[in-house]
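Chemist: Take a look at the following structure, please.
The values are calculated or read from the model by the stated rules, or taken from the named source; none is laboratory data. Please read all numbers here as calculations on a predicted model, not as lab measurements. Positions of Cβ are backbone-derived with ideal geometry, glycine not excepted, and every protein chain shown enters the neighbour counts.
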Amino acid sequence: MNYIGELAALFTSLCFTGTSVLFTFAGQRVGSAVVNRMRVILALLFLMTINWLLSGSPLPLNAGPERWLWFALSGVIGYAIGDAFLFQTYICIGAQRGMLLMSLAPLITALLAWPLFDEMLTLGQWLGILTTLLGIVWVISRRNTAPLPANCKPSQGVLYGLGAALGQAVGFLLSKQGLIGGFSPIAGNTIRMLAAVIALWGVLLFQGQASRTVNAIRANPRILGMLALASLFGPVLGVSSSLFALDYIPVGVASTLTALPPVLLLPVSWLVFKEPFDWQAVLGTLVAIGGTALLFLS
């Protein structure tokens, strides 16, 4: 059997796992907001360079207005709006609880893909998705004792988290629509990233806060190398491989397999950050692996 779509989705999770560590180090130095704003610019520069090498043009100008619309909407909703909701979720209810709500994104994606793309998953695929998500939730939810911030209501954090999950799901589905007809995932990701840069930095310029981001980078010039490496493997290679997976497997399956970084981060956190993990984490990992195996077998 041909598992190229599943392997591409798993490669996305591996890329996101590695970049999350690099973005964590960078965020500790300049803040998560600066990291988010700089990663889209660096990723766009990488993607434009790759496009130029592959096609002789930095932007896919021959894509047609309809594809540009789908991918631009995907970039604004998935990158800009979705990530804005996600950061607000982290502020209100913490990263751990925010990741729990984000684990709903693959399920939302699969449910929306049913009527939109007529992707009726098999019983085995549904079991694989639910089992994988159960393992992810099991891993994330262990020892969740972090206090909630006093300046934000938990209900607000839940709404932000649901908005982030919905934004990610809708962004994935819009990309699927743009890829119909065998369009290049690299070219599609370039359009997404360009739209995200315009949206994010347009708001910054309107608010007069762009200089803060520039000054933060000037004060920490060495951080650019770390951000560049993280942007290459995350928004560039990781996202492009996730779009590549959409050409071969259903959206719900692809979305589930790209949601594995919380599980994959366990050994990385143990080795890099010296964070211990307990038997609940081990069992959750085994459940997630079992669900992944079901997706491959189905």
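Chemist: Within the range 93-122, how many residues turn out to be farther than 19 Å from residue 263 by Cα, out of contact with any Ser or Thr (no Cβ under 6 Å at 6 or more places or on another chain) and modelled with pLDDT of 80 or more?
Modeler: Within the range 93-122, residues that are farther than 19 Å from residue 263 by Cα, out of contact with any Ser or Thr (no Cβ under 6 Å at 6 or more places or on another chain) and modelled with pLDDT of 80 or more number 13.
Chemist: Considering the range 269-298 alone, what residues qualify as being at pLDDT below 80, hydrophobic (A, V, I, L, M, F, W, C) and either under 21 Å from residue 176 (Cβ atoms) or under 18 Å from the mean Cα position of the chain (by Cα) (or both)?
Modeler: The answer is none; no residue qualifies.
Chemist: Which one is surrounded by the most Cβ atoms within 10 Å (Cβ to Cβ), of the residues in the range 244-253 that are closer than 16 Å to residue 123 by Cα and touching a Leu at 6+ places or on another chain (Cβ under 7 Å)?
Modeler: Result: 253.
Chemist: Go through (1) modelled with pLDDT of 90 or more; (2) farther than 25 Å from residue 34 by Cα one by one and return the number of the condition residue 77 breaks.
Modeler: Every listed condition holds for residue 77 apart from (2).
Chemist: If you check residue 234 against the conditions, is it of a type in the set (Gly, Ala, Ser), in contact with a helix residue (DSSP H, G or I) (Cβ under 7 Å, 6 or more places away or on another chain) and buried (at least 24 other Cβ atoms within 10 Å of the Cβ)?
Modeler: Spelling it out, it is not the case that residue 234 is of a type in the set (Gly, Ala, Ser), in contact with a helix residue (DSSP H, G or I) (Cβ under 7 Å, 6 or more places away or on another chain) and buried (at least 24 other Cβ atoms within 10 Å of the Cβ).
Chemist: Report whether or not residue 145 is polar (S, T, N, Q), part of a helix (DSSP H, G or I) and either at pLDDT 95 or above or over 19 Å from the mean Cα position of the chain (by Cα) (or both).
Modeler: no
Chemist: Would you please name the residue that is surrounded by the most Cβ atoms within 10 Å (Cβ to Cβ), looking only at residues in the range 69-104 that are under 19 Å from residue 240 (Cβ atoms) and of a type in the set (A, V, I, L, M, F, W, C)?
Modeler: Checked the range 69-104; the qualifying residue surrounded by the most Cβ atoms within 10 Å (Cβ to Cβ) is 71.
Chemist: A further question follows. Among (1) in contact with a Cys (Cβ under 8 Å, 6 or more places away or on another chain); (2) at pLDDT 90 or above; (3) charged (D, E, K, R), there is one condition residue 153 misses while meeting the rest; what is its number?
Modeler: For residue 153, the failing item is (2).
Chemist: For the range 213-256: of the residues being among the polar types (S, T, N, Q) and outside any loop (DSSP other than H, G, I, E, B), which is farthest from the chain's Cα centre (by Cα)?
Modeler: Among those that are among the polar types (S, T, N, Q) and outside any loop (DSSP other than H, G, I, E, B), it is 215.
Chemist: What residue, among those in the range 206-231 that are hydroxyl-bearing (Ser, Thr, Tyr) and over 15 Å from residue 24 (Cα atoms), is surrounded by the most Cβ atoms within 10 Å (Cβ to Cβ)?
Modeler: 213
Chemist: Could you check the range 150-202 and list, in sequence order, the residues that are within 21 Å of residue 39 (Cα to Cα), surrounded by 19 or more Cβ atoms within 10 Å (Cβ to Cβ) and among the aromatic types (Phe, Trp, Tyr)?
Modeler: Matches in the range 150-202: 172 only.
Chemist: Can you name the residue in the range 1-46 that is in contact (Cβ under 8 Å) with a residue 60 or more places away in the chain and outside any helix (DSSP H, G or I) and, of all such residues, is farthest from the chain's Cα centre (by Cα)?
Modeler: Among them, the one singled out is 2.
Chemist: Can you find even one residue in the range 49-64 that is assigned to a helix (DSSP H, G or I) and either at pLDDT below 80 or under 17 Å from the mean Cα position of the chain (by Cα) (or both)?
Modeler: no
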